[in-house]
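One structure is given below, encoded as structure tokens.
Each reported figure results from applying straightforward, stated rules to the coordinates on display, with no laboratory input. This is a predicted model, so every value here is computed, not measured. When we count neighbours, we look across all protein chains shown, and the Cβ atoms used for this are built from the backbone with ideal geometry, even at glycine.
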Amino acid sequence: MKKRVCLSALLLMLILSCKLYALSIGVIEPDSLKGILTNDLRNLWFDNAISFEEITELDTDCSAAEMTLHAQRSGFAFIIYGFLEKDDSKCSAELRLLNVDSRKTDKFFYASDELDSIPRLSKTLASHIHEYLCERFSINETEFKRFYKLDLTLSGGYWTYTYPTWADLFLGIVNSRIGMEFHPALDFKFRKNDTIDFSIAFNAGYRYGKGKDDRYNALFHGTDFSLPIMFNWNPTEIHSLKFGIGPAFQLGFVKWTPLYEDEEMKKIYQWGITSFIEGRVFLTRKFGFSMGVGGTYYFINKNVPEFSANIGVVFTPCKKAASR
């Protein structure tokens, strides 16, 4: 049981760590700007189209050929590098945008400031870079929109009881679920490139289980319904991490044959509360994959909780910007 939970959590982390930005740029920071410039760029709004990564393996004195080779290995389309000079009263910086494909400098960025104002100088440089890249790649620099959105989901996976008595008797085999999720345009900015929003979903599922061979000859068929409210963290436009909780209802049938006794059938209907965590990655604007783990706690005499792990697909048939 613990191994299955750990494996599901690991796969969920792998989904969320996928880098599917449209453009990736490496940054070689001059000594006085180390640890500053890349963070300033990350804190600007690029509509999740561009990612920046600090290059620590190279310094600003390396050749263009070395930069190009490193960029090709790391998947960077551009590299930002340059120099910072100081005199008695001020500091001046020159940064260059190296195009990895052409191996030529596409743009120069300049800024100067007082000697003790290097953080402000870094923000000025980041602003110049931001302005140029947004214009070049047609990125909306500042506009933040809220959206009404409808997602349709289909998933399948594994389930099991976690209450020892039931877990020893039944083996959860498979579950499937279809769902409809509505996002009511409650998006909020969280930092510069992150957003959070809330949604509500209706899910209907089927699950099948059987008795363990050394116990009873038993079968379980069940349907379940849930109405969770979800908190969604969107670190990029294509990634989402969802936390959901809400009421659940299950209707099922158990058929078993105790040793030396006649076959029996029992109907189960019970209310409970379900919670889950799920990660999603969209490969296009309308289609994506999901992976999640969750549990349901049913309010019956022995309070039988269940655990499930699912993999699925997500389809977005409707997404409309809210009017201001």
For this session: At a temperature of 37 °C and a viscosity of 0.692 mPa s, determine how fast region 32-111 diffuses translationally according to Stokes-Einstein, using the Kirkwood radius over alpha-carbon pairs as Rh; express D in µm²/s, rounded to the nearest whole number.
Result: 239 µm²/s
Exercise. Once the piece of chain linking Phe202 and Asp59 is laid out straight, how much longer is it, given 0.36 nm per residue of separation minus the C-alpha distance between them?
Worked result: 46.1 nm
Exercise. If we sort 104-111, 82-89, 49-56 on the protection proxy, mean other Cβ atoms within 10 Å, highest first, what's the order?
Worked result: 49-56, 104-111, 82-89
For this session: Could you list which residues have their amide H under 5 Å from that of Cys318, counting only those 5 or more apart in sequence or on another chain, with H placed in the peptide plane?
Result: Leu150
For this session: Count charges around Trp271 for me, please; just the other residues with Cβ under 14 Å from its Cβ, Lys/Arg as +1, Asp/Glu as -1.
Result: -2
For this session: Order the peptides 197-206, 63-72 from the highest to the lowest mean number of other Cβ atoms within 10 Å of their residues.
Result: 197-206, 63-72
